[in-house]
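*Asks:* Have a look at this one.
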Amino acid sequence: MLRLTRAPNPAIAQIWADVLCEAGYPATVERSYLMGAAGELPPGECLPEIWLRHPEHEAAARALLEALARVPQRRWLCPACGERVEGGFEQCWACGAFMPAPVA
């Protein structure tokens, strides 16, 4: 087992671990319940950690997490209802219509 990184909170830690597992890099979240001890312990030591089961996956797993941090943020108008949608969303939150395909 290899500690890959620390996450800012348990929710992000679980998302990262799930993405790694789906990509074929078995990972677990450890220390997810230590945040309640912050103050008694140094806060930096209470952050949840992502651990890889196979150390040989380290380079690919780090590259995947770096790519996840660079998810494109878009701004588009919903073709169905005219709602402005911002961020990484591909579906309108007002009516559920999907983002139009990019024009080539």
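The values are calculated or read from the model by the stated rules, or taken from the named source; none is laboratory data. Keep in mind that this is a model prediction, so the values were computed, not measured. Because the Cβ atoms are built from the backbone with ideal geometry, glycine has one as well, and the counts that use them run over all protein chains shown.
*Asks:* What do you reckon, is Q73 touching an Asp or Glu at 6+ places or on another chain (Cβ under 8 Å) and touching a residue at least 12 places away in the same chain (Cβ under 8 Å)?
*Replies:* The answer is yes for Q73.
*Asks:* Something else: Among residues belonging to the stretch 62-89 that are surrounded by fewer than 10 Cβ atoms within 10 Å (Cβ to Cβ) and within 29 Å of L52 (Cβ to Cβ), point out the one that is nearest to the chain's Cα centre (by Cα).
*Replies:* Only one residue tops the list, namely A69.
*Asks:* While we're here: What number of residues within the stretch 35-51 satisfy the criterion of being touching a helix residue (DSSP H, G or I) at 6+ places or on another chain (Cβ under 7 Å) and surrounded by 17 or more Cβ atoms within 10 Å (Cβ to Cβ)?
*Replies:* The total comes to 3.
*Asks:* Can you confirm whether A59 is outside the structural domain of A101 (by TED's automatic domain parsing), farther than 29 Å from P102 by Cα and surrounded by 13 or more Cβ atoms within 10 Å (Cβ to Cβ)?
*Replies:* no
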